[in-house]
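**Q** What follows is a single structure, and I will ask about it in a moment.
The values are calculated or read from the model by the stated rules, or taken from the named source; none is laboratory data. All values derive from a computational prediction rather than experimental measurement. Using ideal geometry, Cβ is built from the backbone for each residue, glycine included, and neighbour counts are taken over all protein chains shown. Ligands, DNA and RNA are stripped out before the accessible areas are found, and what is left, the full protein with its side chains, is counted by its heavy atoms. Shrake-Rupley method; radii C 1.70, N 1.55, O 1.52, S 1.80 Å.
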Amino acid sequence: MKICFIGTGYVGLVSGVLFADFGNKVICVDNNKKKIENLKKGIIPIFEPGLDELVIRNYKSKRLFFTSDINKAIKDSDIIFIAVGTPTAKDGVSADLKNVYAVAKIISKNINKYKIIITKSTVPVCTGDEVEKIIKKNNSISKFDVVSNPEFLREGEAIRDFRYPDRVVVGSNNLKKTKLVLEKLYEPITKKGAKFIATTRRSSELIKYAANAFLATKITFINEIANLCEVVGSNVDDIALGIGTDARIGSRFLRAGPAYGGSCFPKDTKALIKIGDKFKTDMTVVKTVIKSNEKRKSILADRIIEILGKPKNKKVGFLGVTFKANTDDMRDTQCLKIFPKLLKKGVKISYYDPTGEKKELKNLKYKKNSDEILINNDLVVIHTEWDEFRSLNFSKVKSKKLMIFDMRNLYQASSFSNKNIIYYSIGRSLNDKKA
Ligand code: NAD
Ligand code: UGA
């Protein structure tokens, strides 16, 4: 099948290369010409483990193509995936759909034979109806179907998640015609055990928001329990184990940490409230989750200030600044809300990130490795859970006292024999604080 992906970002590039790896001919399109030129040279625009090798191999095998010529790519394809960004709009809550609608308009002018147009971007319920309307308005003769097929991959785990998802969701108002095609396309995945869920277009669109909001709720819940653990002297890791082993609850997404961040949970939870408003349905649970998650960043900034005692001119080093490990994505990362509060108190901040220096943090000092962070600071904050932070070289800490605030609970207080280290973590009893 000839496929094109419009939007070659985290989702478009990963899904595109994997469909190519399954044996399809895939054209990845982007209006960012530099990105496309770089991809042709084998320069991958994002940090995603395993992606480089896959892209280069499939490009060399002539199954994967890159272009900025959107018109030709659409004409040459049977299946067109829309995978452009749907960030938060200027109003601060809604999903901005201008990229999706702009692409729909271009598609309408290039339908030369029957095509299936698939929205893979996360879009509010009824967006498919609107995409269909735009195409019909500009093109009343061609035959096409607009299908919803949300993506559930996680950054940093994208290749595994795409190859081995729990389910593939397909929503169409013409399942009779589209289901067989989509089933065939996803066969390499469903053969390995993923459930194929076929539903209406609107249900499929809503499944995506409900999934993200539910996962965000789970994280927020365990973070609130962590706050309680710290006060009553319990251990949140044991609570997560104790509740997560109940199959009705499930053990995943119960890791307490520095609030949820990233390019999706923050924007999608907000957009879900806006969808509720549009259809006059109150989303109290999701509203509370957003509020609690925002507050958490402030609570953690206060905790750092409390640990420092007198914060003015104290030196704090952050290990990891992205919203999670194994990604270079800085969108809505938690520390962007923590830093201003610390800077206001006169704290001197430096940071190290395995994916390099960040343009968003121009005013902070970048260090080249974690050793430099361990040697030169009063407090070290483990902000992301990169594997390399699980075996830090604490022997570097010799002469002075170092405090560590482990926001990902990578360590146990008992593992510190160096008496110069004072260890703080998340949601563990006060007794666990000191090494
Ligand atoms: P991204 O910003 O990484 O990539 C989007 C790409 O689309 C960019 O390269 C941009 O240049 C391109 N683009 C924008 N408008 C275009 C146009 N008119 N024509 C051609 N190209 C255009 O975004 P992303 O993280 O890949 O997310 C894409 C969508 O997938 C969003 O709706 C997001 O919510 C959803 N999603 C993302 C993830 C994730 O892990 N990032 C997971 C599941 C779903
Ligand atoms: C999330 C979803 O997990 C994907 O299924 C979805 O496709 C994607 O959003 C999307 O729609 O874009 P992602 O944002 O890449 O994926 O990363 P997650 O692993 O879900 O982490 C999100 C945030 O929650 C991170 O800040 C992470 O540190 C935090 N988190 C996650 C926790 O604090 N605890 C956990 O147990 C899990």
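**Q** Using Cα pairs closer than 8 Å and at least 6 residues apart in sequence, work out the relative contact order for the stretch 303-382, in percent. It would help to have the intermediate numbers written out before the result.
**A** Values: 118 pairs, mean separation 31.9, N = 80.
Answer for the stretch 303-382 is 40 percent.
**Q** In percent, what relative contact order does the stretch 2-199 have, based on Cα pairs under 8 Å that are 6 or more apart in sequence?
**A** Across the stretch 2-199, relative contact order equals 19 percent.
**Q** If you don't mind, another one. Carbon and sulfur together cover what percent of the accessible area of the chain at a 1.4 Å probe radius? Before the final figure, lay out each step's value.
**A** Values: 10880 of 20220 Å².
Taking all protein chains in place, the chain shows 54 percent carbon and sulfur surface.
**Q** Restricting to DSSP H runs of at least four residues, report the calculated mean residue ellipticity at 222 nm for the chain, -39500 (n - 2.57) per run over all residues, nearest 500 deg cm²/dmol. List each step's numbers first, then the result.
**A** Values: 15 runs with 176 residues, N = 435.
Calculated mean residue ellipticity at 222 nm is -12500 deg cm²/dmol.
**Q** Picking from S350, S204, S251, which is most flexible by a Gaussian network model of the chain using Cα springs under 10 Å?
**A** S251
**Q** Can you give the accessible area per residue of the chain, in Å², using a 1.4 Å probe?
**A** Values: 20220 Å² over 435 residues.
Solvent-accessible surface per residue comes out at 46 Å².
**Q** Grab the other residues whose beta carbon is less than 12 angstrom from that of C264, score K and R as +1, D and E as -1, and report the net.
**A** Details: positive: R154, K208, K267, K270, K324, R331; negative: E151, E155, D268, D329, D332.
Taking every other residue near C264 into account, the sum is +1.
**Q** Using Cα pairs closer than 8 Å and at least 6 residues apart in sequence, work out the relative contact order for the chain, in percent.
**A** Working: 838 pairs, mean separation 51.3, N = 435.
Across the chain, relative contact order equals 12 percent.
**Q** Here's a follow-up. Residues of the stretch 5-29 with backbone nitrogen within less than 11 Å of a virtual label 7 Å along the Cα-to-Cβ line of E37, please, listed as ranges.
**A** none
**Q** Excluding P87 itself, what net charge comes from residues whose Cβ is under 11 Å from its Cβ, given Lys and Arg +1 and Asp and Glu -1? Let's see the in-between values first.
**A** Values: positive: K90, K98, K267, K270, R331; negative: D96, D268, D332.
Cβ neighbours under 11 Å give a net charge of +2.
**Q** Let me ask something else. Does the stretch 220-308 classify as rounded, prolate or oblate by the C-alpha gyration tensor (a ≥ b ≥ c root eigenvalues; a/c under 1.5 gives rounded; else a/b over b/c gives prolate, otherwise oblate)?
**A** oblate
**Q** Something else now. Please report the net charge: other residues with Cβ closer than 12 Å to the Cβ of K137, K and R +1, D and E -1.
**A** Overall, the nearby charge balance is +2.
**Q** Of the peptides 45-51, 62-68, 261-267, how do they stack up when ordered by the mean number of other Cβ atoms within 10 Å, highest first? Working shown, then result.
**A** Values: 45-51: 16.9, 62-68: 18.4, 261-267: 22.9.
Descending mean neighbour count gives 261-267, 62-68, 45-51.
**Q** Turning to a different aspect of this structure: What percent antiparallel are the DSSP beta bridges of the stretch 2-199, to the nearest 5? If you can, show how the numbers build up before the last one.
**A** Numbers: 2 of 29 bridges.
Here the share of antiparallel DSSP bridges comes out near 5 percent.
**Q** Return the subset of K291/K368; K41/K75; K60/K191 for which the Cα-Cα distance in this structure is over 32 Å, preserving the input order. Intermediate values should be presented prior to the final figure.
**A** Details: K291/K368 35 Å; K41/K75 25 Å; K60/K191 27 Å.
Cα-Cα > 32 Å for K291/K368; rest within.
**Q** Tell me the label-point distance for the pair D282, K109, using the 7 Å Cα-to-Cβ offset, in nm and rounded to one decimal.
**A** Each label point is offset 7 Å from its Cα along the Cβ direction, giving 4.7 nm.
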